[in-house]
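Working notes, beginning with the structure itself.
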Amino acid sequence: IGSVYYSQHAFDSAVSYYKQAENITTRYAQTLDGEQRLYNRLGVIHYETGNYKLAKNYFEKALALLPPTDPLYAEFKANFQNNIASALLNLEMYDTAKSIYLQLLPLDIYKNEVTQNLGLIDLSLGNPAAAIRWFKKSGITDGNSVFLYNKIAKAYLEMKNQDSAARYLNMAMEANLKWNGQTKNVANGLSHFYKAELALLQNKPQQSIEFYQQSIIQFHNGVSDTSL
């Protein structure tokens, strides 16, 4: 029942039923079938609602209960570790997250996500050149191309490399037009935001303000006014 509510984005109802399931597990000394998936799903819900610390605790609990005899042990372990690392990344516990991602890297599971997150960690730690190397190891797919180009552009902005930043921002906007058309979205909002940052570097304040306004329009469904 919890999973049905989760699929309908009714998170409060999903959590209510998941907690009932969790209460059942406390009555038994042994691990019950599906208990790891229960804790992982509770972790996912708390992750999606921004409670990364609680999410990490549930992901770690799921990993601790995973039996090595499970036929899908390697896949589940990688999934739980990836979830833990993502929570740590959002908690800005960069060194611990990086350690887990480096363990996952040789497995070639979640490769695009792992390499991009390793790039984000290096970017957050003030090493944009290393971040770019990680970003460029990530495969380009339809779904992630706009975000990926934005991340590379952001790294070049940190390096004050205006030409490369501009090139990747143009690539991000072209990819967005191809895959999203005129539909507002966060990725396109970030492209405009970084365009504004680039215009500031180029000493073009009026153009920067216009790009900031465009980013607000993309971020907020209720905003369409282009006047400053």
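The values are calculated or read from the model by the stated rules, or taken from the named source; none is laboratory data. Quick caveat, the model's predicted, so the values are computed rather than measured. For neighbour counting, all protein chains shown are included, and Cβ atoms are generated from backbone atoms with ideal geometry for every residue, glycine included. Accessible surface is based on the protein model in full, side chains and every heavy atom, while ligands, DNA and RNA are left aside. Shrake-Rupley method; radii C 1.70, N 1.55, O 1.52, S 1.80 Å.
Odds and ends about this structure:
Per-residue answers, yes or no, for (1) touching an Asp or Glu at 6+ places or on another chain (Cβ under 9 Å); (2) open to solvent by 40 Å² or more (accessible area, probe 1.4 Å); (3) modelled with pLDDT of 95 or more; (4) closer than 21 Å to N79 by Cα:
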{"residue": "I1", "(1), (2), (3), (4)": "no, yes, yes, no"}
{"residue": "S13", "(1), (2), (3), (4)": "no, yes, yes, no"}
{"residue": "K19", "(1), (2), (3), (4)": "no, yes, yes, no"}
{"residue": "R37", "(1), (2), (3), (4)": "no, yes, no, yes"}
{"residue": "N40", "(1), (2), (3), (4)": "no, no, yes, yes"}
{"residue": "G43", "(1), (2), (3), (4)": "yes, no, yes, yes"}
{"residue": "Y47", "(1), (2), (3), (4)": "no, yes, yes, yes"}
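- Filter result (under 19 Å from R133 (Cβ atoms), in a helix (DSSP H, G or I) and touching a residue at least 24 places away in the same chain (Cβ under 8 Å)) within the range 153-168: A153, K154, A155, Y156, L157, E158, A165
- Under the condition of being of a type outside the set (S, T, N, Q) and either at pLDDT 95 or above or over 16 Å from A74 (Cα atoms) (or both), the residues counted in the range 108-120 number 5.
- Check on D163, over 23 Å from the mean Cα position of the chain (by Cα), more than 30 Å from I84 (Cα to Cα) and modelled with pLDDT of 95 or more: yes
- Pair list, Cβ < 7 Å and 6+ apart or interchain, from the range 169-186 residues that are closer than 20 Å to H220 by Cα to residues that are assigned to a helix (DSSP H, G or I) and open to solvent by 80 Å² or more (accessible area, probe 1.4 Å): V186/F219
- Condition broken by S124, with the remaining ones in (1) within 20 Å of A166 (Cα to Cα); (2) open to solvent by 20 Å² or more (accessible area, probe 1.4 Å) satisfied: (1)
- Check on K178, among the basic types (K, R), loosely packed, with under 13 Cβ neighbours inside 10 Å and either more than 21 Å from A85 (Cβ to Cβ) or out of contact with any helix residue (DSSP H, G or I) (no Cβ under 8 Å at 6 or more places or on another chain) (or both): yes
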